[in-house]
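Each remark here refers to the structure printed beneath this line.
The values are calculated or read from the model by the stated rules, or taken from the named source; none is laboratory data. Note that the structure is a prediction, hence the values are computed from the model and not measured. Positions of Cβ are backbone-derived with ideal geometry, glycine not excepted, and every protein chain shown enters the neighbour counts. Keep in mind that these areas ignore ligands, DNA and RNA; they rest on the heavy atoms of the full protein, side chains included. Shrake-Rupley method; radii C 1.70, N 1.55, O 1.52, S 1.80 Å.
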Amino acid sequence: MSQIKNPLFLKALKGETVSRPPVWIMRQAGRYLPEFMVLKNKYDFFTRCQTPELAAEITMMPIKKIGVDAAILFSDILVIPQAMGVNVEMKNNFGPYIEFPIQSKSDVINLNTQNVEDHLNYVFEAIKLTKDALNNEIPLIGFAGSPWTILCYMVQGSGSRNFDKAKNFCFKNPELAQMLLSKITMITIEYLKLKIKAGVDAIQIFDSWGGVLSHSDYQLFSFPYIQQITAALNKTSPVIIYPKGCWHALSDYSKIGASAIGLDWTCSARNARYLTQNNVTLQGNFDPSRLFSSKKTIISQTKQMLNDFGKDKYIVNLGHGILPNTPVENVQAFVETIKNFN
Ligand code: CP3
């Protein structure tokens, strides 16, 4: 593999000593960037995902403007249900919508897990174009949703506060749920292997809805599948696991060969270091809403966070995705504070 000029992110993933912690931002490609909004008004969401030139262009948008240390491919976790044969729409001012969500055993049996390379070819093309555009300046992150988080959308049919239908589906028929989760796991492993082959330098698994499960249900319906994915990939790529709202799983995640664990903003650095026994790099966890504070407050709270986590085994990020309408100059102040850290 060719040498990446800015080594901070990959070094932090290996737990190596760095001059300062690297920084990138979840959902950095989109939402708050005026040039993204221009494309958003011109092309619908999945057209942006499925057109490699557009996906690469959007991926590059925050690189110069914000100066992050890693890029994340513009795409979505819901391309996996699409590849499995589920029709997913992205409705304006509503979010993901599935007209025929998964309900029965035959629905699960009929789901496709074959030919990922063909179904998601546009993603691998977008990776190649983006790698060319990045010119080895910074690494590129590829991602997928966790099987549990993907099940949430496939069964609920849309976003939800508590994913009650998805939980009921699992609790009423755990065997069927395990079958669905295994199918999602299989295709996700295949997909992520192909992403690595196409050129991504690290993988992040988004368990954005892990936090709706109790600890014991998490052990049944989420953790084992993320563990399987991690084990299948960690010989060829660093793996970052982002289990939102799951502080109770941090200790388990520190023992399965992941390179880093992403934290939401409710967990203190001290608690996270304690639970992970400093075994693994931590990533996070500035509250995205705090980017609406004054620059003075952003700078002082960012410095505090850097002091709390320490310089090594740490990747600066937000605790979840950046919010729409976040002032770009505030994001720049956040990133500058990290770059000036010593
Ligand atoms: O930096 C980036 O933006 C990279 C691309 C990226 C998107 N989605 C683009 C997107 C990534 C990493 C995702 C992941 C994703 N998608 C997650 C996990 C991360 C998280 O935020 O928890 C989830 C749960 C989804 C599913 C999804 N996609 C939802 C719930 C929505 C609608 C609400 C929203 O976040 O705006 C989307 C749409 C989506 N995915 C948009 C973007 C830029 C906004 C819609 C648009 O641009 O038309």
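Observations, loosely collected:
- Test result for Gln304, closer than 30 Å to Val328 by Cβ, open to solvent by 10 Å² or more (accessible area, probe 1.4 Å) and at pLDDT 95 or above: yes
- Across region 265-287, the qualifying residues are those that are in contact (Cβ under 8 Å) with a residue 40 or more places away in the chain and over 18 Å from Gly15 (Cα atoms), and the one among them that is least open to solvent (accessible area, probe 1.4 Å) is Phe286.
- Restricting attention to region 232-265 and to residues that are out of contact with any strand residue (DSSP E or B) (no Cβ under 9 Å at 6 or more places or on another chain) and not in a loop (DSSP other than H, G, I, E, B), the residue that is farthest from Ile141 (Cα to Cα) turns out to be His248.
- Verdict on Arg20 being within 12 Å of the ligand (Cβ to nearest atom) and under 24 Å from Val316 (Cβ atoms): no
- Among residues of region 316-330 that are at pLDDT below 95, those with a Cβ under 9 angstrom from a residue that is within 12 Å of the ligand (Cβ to nearest atom), sequence gap 6+ or separate chain, pair up as Pro324/Gly30; Pro324/Arg31; Pro324/Tyr32; Asn325/Arg31; Asn325/Tyr32.
- The single condition from (1) charged (D, E, K, R); (2) within 9 Å of the ligand (Cβ to nearest atom); (3) over 19 Å from Leu129 (Cβ atoms); (4) buried (at least 21 other Cβ atoms within 10 Å of the Cβ) that Arg48 fails is (3).
- In region 199-224, the residues that are modelled with pLDDT of 95 or more and more than 15 Å from the ligand (Cβ to nearest atom) reach residues that are of a type in the set (A, V, I, L, M, F, W, C) and part of a loop (DSSP other than H, G, I, E, B) with C-beta atoms within less than 7 angstrom, at least six apart or across chains, in these pairs: Asp201/Ile4; Tyr218/Cys246; Phe221/Leu213.
- Verdict on Tyr32 being more than 7 Å from the ligand (Cβ to nearest atom) and surrounded by fewer than 20 Cβ atoms within 10 Å (Cβ to Cβ): no
- Within region 63-109, restricting attention to residues that are under 21 Å from Tyr43 (Cα atoms) and at pLDDT below 95, the residue that is least open to solvent (accessible area, probe 1.4 Å) is Asn92.
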